[in-house]
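Here is the structure we will look at.
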Amino acid sequence: MAEHRRMRRGALLDAARALLAEGGVEAMTFPALARRTGLARSSVYEYFPSRAALVEELCAVDLPLWAAEIEAAMTVADDPRDKIAAYVGRQLAIATDSHHRALMALAAGDREAAAAAGLPPDAAWERIRAAHAGLTDMVVAVLADLGHSEPRVTAALLQGVIDAAVRCAAAPSSPPVDRLTADAVRFALDGVAGPLLRQPDALDGQQPGGPA
C-alpha cells in the first residue's frame, strides 16, 4: 500500500512538471493533473490538499537535484575560472528551463498572496531561499581561490549577474539563451571592461575604474 501511494505521488509530481513545462502556471491545475494521471480529482486532493502543498513538494524534490547539477558541473571544471563559468552557465541553463520558470512563478505568486494576507512566506519559498543560500556557499571557496578578500560579498554580486541574465532571458526581445549565457559568463569573469582589465596598456595609462 505504501509503495502504491509513493508511485501515485511520484506520478502526480511528474504530471505537474510536464504541465508546467508545456503550458506554464496556467496549465498546472488539479483537474489537469487528474486527467494526466487518470485519477479522480478527489484522489489528487488526497495526496496534495492544496496547490501550495504541491509546489512545496516539487521544490523539496527538484531544488536539490538542480543544485547537484550545478555542483557536478563545477567539480569537473579544471581551474577556478572554469568553475565560475560552470556555475554561471549551469544556473542559467536550469533557470531558463520552462519547468523551472513556471515553478518559480507559482512559488512567487503564493508568496505574494501570503504577504497580501499578512501571512509569513510559505514552505516553498523558504526552500527556495535556503537553496539560493546553498548556491552561495558552493561558490565562496572558489572566489577566495581567485583572490577575493570578501568572497561572500562577491558571491552575492555574482548572483546578481545571474539573476539579471534570467530576467533578460524572459524578455520578449531577449537574444538566444546560449548567447546570453556566454555574455553573462564573460561579464562574471572579466567585468564591464572585459579583456581590457588584463591589458593595462590599452587603457592609455589609466587604472581600471579611474585615472591613474
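What the table shows:
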| quantity | calculated |
| --- | --- |
| Label-to-label distance, nm, for residues given as ALA133 and ALA164 (7 Å Cα→Cβ offset) | 2.6 |
| Global size of the range 64-103 as Cα Rg and Dmax, reported in angstrom | 10.7, 34 |
| Relative contact order for the range 1-49, counting Cα pairs under 8 Å that sit 6 or more residues apart, in percent | 32 |
| Under the span-like rule (Cα at least 18 Å along the axis, Kyte-Doolittle mean at least 0.5), DSSP H helices of the chain | 51-75, 123-145, 151-170 |
| Ranked packing of 80-93, 142-155, most packed first, by mean Cβ within 10 Å | 80-93, 142-155 |
| The range 1-49: C-alpha gyration tensor shape, a/c 1.5 cut-off, then a/b vs b/c | prolate |
| The range 87-112 and the range 116-163: distance between their alpha carbon centers, rounded to Å | 15 |
| Gain on full stretching of the segment that runs from ALA116 to ALA77 - 0.36 nm per residue minus C-alpha separation | 9.6 nm |
| Electrostatic dipole magnitude of the range 1-49 [Cβ: Lys, Arg +1; Asp, Glu -1; Cα centre; debye, to 20] | 160 |
| For the chain, fraction of C-alpha pairs farther apart than 28 Å, in % | 41 |
| Extended-chain gain in nm, criterion 0.36 nm per residue less alpha-carbon gap, VAL61 and ALA2 | 19.4 nm |
| Cα-only Debye scattering, the range 69-134: base-10 log of I(q)/I(0) at q = 0.12, 0.19, 0.23, 0.24 Å⁻¹ | -0.42, -0.79, -0.96, -1.00 |
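Values in this text are rule-based calculations from the coordinates and carry no lab data. What you see is a predicted model, and the numbers here were worked out from it, not measured in a lab. Neighbour counts run over all protein chains shown; Cβ positions are idealised from the backbone, glycine included.
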